[in-house]
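See structure below.
The values are calculated or read from the model by the stated rules, or taken from the named source; none is laboratory data. The structure displayed is predicted, hence computed values, not measured ones. Positions of Cβ are generated from backbone atoms using ideal geometry, with glycine treated the same way; all protein chains shown enter the neighbour counts. Ligands, DNA and RNA are stripped out before the accessible areas are found, and what is left, the full protein with its side chains, is counted by its heavy atoms. Shrake-Rupley method; radii C 1.70, N 1.55, O 1.52, S 1.80 Å.
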Amino acid sequence: MSPPDNQSNLKRTITLPQALGIAFHQIVGGGVIALTGVAIGKTGGGTPVAFLIAAGIVLLSGFSFAVLGAAAPVTGGTYAYVTRLVHPIAGFANMWLFTLSVISLSVYALSAGTYLHAMNPSIPAQAVSVGMVTFFFVCNLFGASLSARVGVALAVVMVAAYVSYGVISMPQVDWAVFSDLTPNGLNELVAASSILVFATGGGHVIAELGGEMRNPGRNIPIAFFGATIAATALYVLMAIPSTGVLPLDQVAFKPLSVVAEHTLSRGMFVFFILGGAVAAVIGTINGQLLWGSKSFLAAIDDGWFPRALGRVSRRFGTPHWLLTILFVVGVTPAVTGLSVSEIAHVASSVFGLTTMLVIVASYRMRQLHPELLAASPFRLGARTHLVITVAAMALNAYQNVLLLVEIVHTPVMGISYAVWVVVGGVIVATRWSTVRRLIAAGEVPSGRPMTRKDGRDLVEQSG
């Protein structure tokens, strides 16, 4: 008899509105606050178009997550799908790289602290950062439902603040700036859109929570596409005044607060900072703590790490030890001085690499488990699926080349990336024989046949 999985103790409490809130917040977070100015610096009046291009790439890649999530919703999809449809070592590699993105917790928190400090210099940015991560760490310890409800509330406030900024600032736009969408050349427009994939992406993480969602087969595609399209519309609404109100040299590589302070009253400016920028950042922190442990948890159940590390609280249904690890990882960089730009390059590269393996897994499901796709509420035709797979792979590969070149030319990022990869390789070398034995014996989830009802995380829910 195989030992019980830690994932079995997770509770299915996340509803569709909560899933939309989580996905939306994971998209509209620290990235748009920090990177809109970077995009303006690269492509000027082409910034709104760069957002649309980035969203198109994200949506194209997202079809793979939607196909998998609808046909077989699991806990830790980034790991589980690649493990069960490509190869267990490929699944571990995807999980290990995906976990690296959790270091952005502290950067988001520090970003929020910096905005508050700019509004009131007496507010200590680093102390606020640590406090934010700590607060949401505690929220997640008490269950995914509580954390998700907090995310929904933050999303409502954030949208109100950002829409107010866009609507109030729009009459002051000088539309002449948009007459040239490529002032620095087409390559810079493409480069800007590549960076903005980090700001536009994120909705795919909802596939990590299949084991905690009600009716995941229906809700995962709805949450991903709905949140991504809504976030893109909001981004364009914000990008137009951010680009067109002040001269480009005054907003290039600058935060959104520069334009907001010029166009908004003092009261609305404070609402924009607190309800928009800060809420976006802390909402992302909340979401990352919620989904960040799930692929790691699935890998633990497969034998890559000691089983006790993934123990789930039976009272709250949360992996308290893993959350504690994420908390420590998230707080530590907040006091080391890492920049948002550095993290954005690493996180974007990680997103692209892990997405490519999920895209492969999606098409492999068509070959290995056509019965799952036939019973899925979200289906693609065979030819459409192939075209999307090829196009998404090509776009992600091209973007990763651009991003990896930037990482290699930045010693701190390049060395950190390399060390992380080496540590992952050591784990594979020391644990693969154990994992392979457990898989062969059918004693771990990845050793079981993939069906829509395998007794744990693929079971359909009607709630």
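If Val387 satisfies all but one of (1) open to solvent by 70 Å² or more (accessible area, probe 1.4 Å); (2) out of contact with any Leu (no Cβ under 9 Å at 6 or more places or on another chain); (3) at pLDDT below 85, what's the number of the condition it fails?
So Val387 meets the others, but not (3).
Select from region 11-25 the residues that are outside any helix (DSSP H, G or I) and surrounded by fewer than 24 Cβ atoms within 10 Å (Cβ to Cβ) and write down the one among them that is modelled with the lowest pLDDT.
The residue in question is Lys11.
Determine if region 193-206 includes at least one residue that is at pLDDT 85 or above, small (Gly, Ala, Ser) and farther than 24 Å from Ala161 by Cα.
Within region 193-206, one or more residues are at pLDDT 85 or above, small (Gly, Ala, Ser) and farther than 24 Å from Ala161 by Cα.
Looking at Ala361, Ala334, which one is surrounded by 23 or more Cβ atoms within 10 Å (Cβ to Cβ), at pLDDT below 70 and among the small types (Gly, Ala, Ser)? It would help to see each step written out before you state the result.
Numbers: Ala361 fails: at pLDDT below 70.
Every option except Ala334 fails the conditions.
If I filter region 26-58 down to residues being in contact with a Phe, Trp or Tyr (Cβ under 7 Å, 6 or more places away or on another chain) and open to solvent by 10 Å² or more (accessible area, probe 1.4 Å), which single residue comes out as modelled with the lowest pLDDT?
Looking at residues that are in contact with a Phe, Trp or Tyr (Cβ under 7 Å, 6 or more places away or on another chain) and open to solvent by 10 Å² or more (accessible area, probe 1.4 Å), I get Val38.
Name every residue in region 192-231 that is in a helix (DSSP H, G or I) and surrounded by fewer than 21 Cβ atoms within 10 Å (Cβ to Cβ), in order of residue number.
Answer for region 192-231, where residues must be in a helix (DSSP H, G or I) and surrounded by fewer than 21 Cβ atoms within 10 Å (Cβ to Cβ): Arg218, Ile222, Phe225, Gly226, Ile229, Ala230.
Which condition number does Leu246 fail, the rest of (1) in a helix (DSSP H, G or I); (2) modelled with pLDDT of 90 or more being met?
Answer for Leu246: the failing condition is (1).
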